[in-house]
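Input: a single structure, listed below in structure tokens.
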Amino acid sequence: MLEPLAGIDARPCDECPRLRLDLSMELSEPGRHIKAALHLDWALRCGLTVPLSEVTQREFLRLRLLFEERQKREAELAERDNEKRKRELQRGR
């Protein structure tokens, strides 16, 4: 993690979880595939167009999985928020 008082050019320490994740993503084949899907997802979310003919079947399936997992996560968060609101309303009565 970055030292709170470190300058803007400071590098993360060797134990930084983000640095370790990035390194493992670079060094493993599955990690590289996930990273490629995330980059493609980012481009699509930014409005860039990518013809389907330029996307491999594997990339397409990874994008689909990423979309499905994101949908599940958003549903879980919405449910958690609903439960929290219900508890707050019950306490307020």
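Quick notes on this one:
- Straight-distance crosslink candidates among lysines, where the alpha carbon sits under 29 Å from LYS35 and sequence neighbours closer than 8 are dropped: LYS72
- Ascending count of other beta-carbon atoms within 10 Å, so fewest first, for ASP9, ASP41, ASP14: ASP9, ASP14, ASP41
- Treating r as the C-beta distance of TRP42 and ARG80 and R0 as 30 Å, the FRET efficiency rounds to 0.70.
Each value in this text was obtained by applying a stated rule to the coordinates, not by laboratory testing. Values in this document were obtained by computation on a predicted structure and should not be read as measured data. Ideal geometry is used to build each Cβ from the backbone, glycine not excepted, and the neighbour counts take in all protein chains shown.
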